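Working notes for the structure below.
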Amino acid sequence: MPKTPAAPTPEQLKALFRAARSARPRAHAPYSNFLVGAAVLDERGRVHGGCNVENAAYPQGLCAEASALAAMVLAGGKRARAVAVVAASPLLTTPCGGCRQKIAEFAGPDCAVYVLGPRGVRRTFTLGELLPFGFGEGHLPADPRR
Ligand code: THU
């Protein structure tokens, strides 16, 4: 996994949290009624928001983290320096297993993942804590036939 660049500034974090918070009410979550907002800070200091987008065919739904990562990729972002997730739940809304893997495609194990509730940051994790021993491109052979 390639290295994650320098830690975000307080201003960047503020923008990251604001983007995640403002994405949440845009969620399309008529089946779960569980609205989630997320945001990703890219290697150029830009912030990309996302929300969950559910579907009547339930497995086709998209998590907020996945839609924020897609927005980053669309904007030309290459690396995730930090991720924020916001939901309103008594339990911490940590990214699901699939989203941990999706974040790992663009971030190293020291990438910060901020879990927010309605009143702000509840807990901060590193991606390495959330996804120990993750699978990555380094596992794939250079020769695609092997
Ligand atoms: N969800 C997210 O968008 N992100 C998370 O970190 C956890 C779960 C969504 C998926 C689904 O639309 C709803 O929350 C309930 O699982």
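The values are calculated or read from the model by the stated rules, or taken from the named source; none is laboratory data. These numbers were taken from a predicted model, which means no experiment stands behind them. Note that each Cβ is placed from the backbone with ideal geometry, even for glycine, and that neighbours are counted across all protein chains shown.
Things to note:
- Here Cys63 fulfils each of the conditions (1) touching a strand residue (DSSP E or B) at 6+ places or on another chain (Cβ under 8 Å); (2) under 16 Å from Cys111 (Cα atoms) apart from (2).
- Positions within the range 16-64 being charged (D, E, K, R) and more than 22 Å from Arg79 (Cα to Cα), in sequence order: Arg24, Arg26, Glu54
- Counted residues, the range 76-125 - those being more than 10 Å from the ligand (Cβ to nearest atom), of a type in the set (Lys, Arg) and in contact with a strand residue (DSSP E or B) (Cβ under 9 Å, 6 or more places away or on another chain): 5
- Leading residue by the ranking (farthest from the ligand (Cβ to nearest atom)) among those in the range 36-63 that are closer than 16 Å to Cys99 by Cα and in contact with a Pro (Cβ under 9 Å, 6 or more places away or on another chain): Leu41
- With respect to the conditions (1) out of contact with any Ser or Thr (no Cβ under 9 Å at 6 or more places or on another chain); (2) aliphatic (A, V, I, L, M); (3) farther than 28 Å from His139 by Cα; (4) within 11 Å of the ligand (Cβ to nearest atom), Ala15 lacks only one, and its number is (4).
- Residue that is nearest to Lys14 (Cα to Cα), among those in the range 39-77 that are charged (D, E, K, R) and out of contact with any Phe, Trp or Tyr (no Cβ under 7 Å at 6 or more places or on another chain): Arg46
- Test: residue in the range 3-20 that is in contact with a Cys (Cβ under 7 Å, 6 or more places away or on another chain) and modelled with pLDDT under 95: yes
- Any hit, the range 35-49, residues being over 10 Å from the mean Cα position of the chain (by Cα), free of Cβ contacts under 8 Å to residues at least 24 places away in the same chain and either over 16 Å from Leu16 (Cβ atoms) or in a loop (DSSP other than H, G, I, E, B) (or both): no
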